[in-house]
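Below you'll find the structure, written out as structure tokens, and then a few comments.
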Amino acid sequence: MDEAVALLPLDALHRELGGRMVAFAGYAMPIQYDGIIAEHNWTRTAAGLFDVSHMGQLTLPLDADVALETVLPGDITGLREGCLRYSMLLNPRGGILDDLMVTRRSGDLYLVVNGATKTADITHLAMSGLTVSHREDLALLALQGPKAVDALERLVPGVSELSFMRAGSFTWGDVPLWISRSGYTGEDGFEISVPATAVEALARALLAEPEVKPVGLGARDSLRLEAGLPLYGHDLTPDITPVEANLAFAISKRRKTEGGFPGAAIVLDQLFNGAARKRVGLRIEGRQPVREGAGVVVDGVTVGQVTSGGFGPALGAPIAMAYVPAALAADGTALHVDVRGRLLAATVVSMPFFPKSYVRQPLAKAGAAQ
């Protein structure tokens with residue numbers, strides 16, 4: 001790790017736990033502790049703790065909802081308090097500048113943006129006339145996996161009542177927390193915004209729970225790949241629109257009618273008339289993983305490109321995401337991927353590759369309704 005990087009509030013703890021540190025998004029971050037496959041499988045069966053404090057936590061005034069709709073295609077004015085909405089900042093061509101989460105809280109709008117783009121996002125929002133506060137005093141943890149709720153409920157009673165894409169204010173002792181039931185692994189789990197001064201104590205308390213182990217960037221990437229979730233800068237770029245990325249669900253119903261967001265004419269034309277290319281999932285024959293940049297080949301002609309790829313530990317097989325012509329995007333389409341001159345057989349499959357396990361209704365409430 002030769003390049004100059006900033007240190008996260010948990011840097012010392014990562015090193016104490018044996019984290020192998022790498023440069024990512026301008027920060028020193030752990031790529032693994034016990035090994036990527038072990039951490040991946042632990043998250044799928046128990047609970048993994050991720051430090052995602054490199055991401056940007058921004059707040060905007062509540063009355064900024066109308067102005068925010070001029071830079072992204074989501075329905076923000078109709079967003080209820082305590083609810084999250086996935087959306088994207090778009091450029092005038094409808095290309096994706098970043099993908100993000102927006103939450104309406106009692107006193108502000110809370111945005112979580114990608115770490116590598118947060119500075120540009122803040123500038124973009126400010127130039128659009130929005131007043132943005134970058135909460136550098138806060139850290140962010142993600143607790144992911146089927147047993148995450150068990151571990152967190154012991155420390156923060158009441159979090160089990162949240163459902164997927166819902167959030168609220170909690171306390172751990174005298175420490176204020178903002179917790180959402182969300183994440184980037186396809187598993188049930190939580191993201192926890194905590195004052196940076198208290199994050200190490202909270203992380204140690206979570207790691208003391210029997211279900212919880214630390215997990216690094218490597219498993220975070222393989223988990224999100226199995227879940228079919230795109231990574232900004234790879235599967236999403238300023239040259240890719242939400243429709244091409246198969247993220248049209250993020251264009252709210254009202255916005256499909258009203259437009260009013262950057263690139264609306266292009267995006268809505270693609271939505272109603274079809275886009276020339278699509279992001280698809282690929283299952284690769286054999287055991288060799290394919291990586292970003294590999295060409296997708298049909299009849300000897302390169303027709304697309306892999307944007308994310310690797311081995312899916314829970315699947316026991318290599319998988320990838322790629323952009324291909326819309327005519328080749330149907331499930332079951334046979335293709336090849338060029339890996340350094342060797343053509344590997346691949347098949348277009350639906351995503352997620354591994355079933356998602358989001359809790360859309362808390363168990364306590366589900367039981368009461370029966």
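The values are calculated or read from the model by the stated rules, or taken from the named source; none is laboratory data. Predicted model, so just to flag it, every value in this text is computed and none were measured. Positions of Cβ are backbone-derived with ideal geometry, glycine not excepted, and every protein chain shown enters the neighbour counts.
Name the residues in segment 321-357 that are in a loop (DSSP other than H, G, I, E, B), crowded, with 17+ Cβ neighbours inside 10 Å and touching a residue at least 60 places away in the same chain (Cβ under 8 Å), would you?
Met351, Phe353, Phe354
Conditions first: (1) surrounded by 13 or more Cβ atoms within 10 Å (Cβ to Cβ); (2) outside any loop (DSSP other than H, G, I, E, B). Phe272 passes all but one, so which condition is the exception?
Looking at each condition in turn, Phe272 falls short on (1).
For Leu90, indicate whether it is more than 27 Å from Gly189 (Cα to Cα), buried (at least 21 other Cβ atoms within 10 Å of the Cβ) and more than 20 Å from the chain's Cα centre (by Cα).
no
Consider Ser133 against the criteria (1) out of contact with any Leu (no Cβ under 7 Å at 6 or more places or on another chain); (2) small (Gly, Ala, Ser); (3) surrounded by fewer than 22 Cβ atoms within 10 Å (Cβ to Cβ): it satisfies all of them except one. Which criterion is unmet?
With respect to (1) out of contact with any Leu (no Cβ under 7 Å at 6 or more places or on another chain); (2) small (Gly, Ala, Ser); (3) surrounded by fewer than 22 Cβ atoms within 10 Å (Cβ to Cβ), Ser133 is out only on (1).
Please determine, by comparing only the residues of segment 121-149 that are under 18 Å from the mean Cα position of the chain (by Cα) and hydrophobic (A, V, I, L, M, F, W, C), which one is farthest from Tyr27 (Cα to Cα).
That would be Ala148.
Quick one: would you say Val156 is assigned by TED's automatic domain parsing to the domain that holds Gly189 and without any contact (Cβ under 8 Å) to a residue 60 or more places away in the chain?
yes
Any idea which of (1) crowded, with 17+ Cβ neighbours inside 10 Å; (2) in contact (Cβ under 8 Å) with a residue 40 or more places away in the chain is the one Pro318 doesn't satisfy?
Result: Pro318 passes all but (2).
Look through Pro242, Pro176, Pro238 and report the one residue that is modelled with pLDDT of 95 or more, of a type outside the set (A, V, I, L, M, F, W, C) and part of a strand (DSSP E or B).
Residue meeting the stated conditions: Pro176.
Yes or no, residue by residue, for (1) farther than 30 Å from Phe311 by Cβ; (2) free of Cβ contacts under 8 Å to residues at least 12 places away in the same chain; (3) among the aliphatic types (A, V, I, L, M); (4) not assigned by TED's automatic domain parsing to the domain that holds Asp108:
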site: Asp174; (1), (2), (3), (4): yes, yes, no, yes
site: Leu177; (1), (2), (3), (4): yes, no, yes, yes
site: Tyr184; (1), (2), (3), (4): no, no, no, yes
site: Phe190; (1), (2), (3), (4): no, no, no, yes
site: Ala198; (1), (2), (3), (4): yes, no, yes, yes
site: Leu202; (1), (2), (3), (4): yes, no, yes, yes
site: Leu217; (1), (2), (3), (4): no, no, yes, yes
site: Ser222; (1), (2), (3), (4): no, no, no, yes
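Any idea which of (1) assigned to a loop (DSSP other than H, G, I, E, B); (2) free of Cβ contacts under 8 Å to residues at least 60 places away in the same chain is the one Asp34 doesn't satisfy?
(2)
Restricting to segment 1-47, what's the tally of residues that are surrounded by 16 or more Cβ atoms within 10 Å (Cβ to Cβ), more than 26 Å from Gly312 (Cβ to Cβ) and under 20 Å from the mean Cα position of the chain (by Cα)?
So the count comes out to 3.
Of all residues in segment 68-87, which are crowded, with 16+ Cβ neighbours inside 10 Å and not in a strand (DSSP E or B)?
Listed by number, the residues that qualify are Leu68, Glu69, Val71, Leu72, Pro73, Gly74, Asp75, Ile76, Leu79, Gly82.
Give segment 275-312 a look and list any residue that's in a strand (DSSP E or B) and over 26 Å from the mean Cα position of the chain (by Cα), or say none.
Those that are in a strand (DSSP E or B) and over 26 Å from the mean Cα position of the chain (by Cα): Val297, Val298, Val301, Thr302, Val303.
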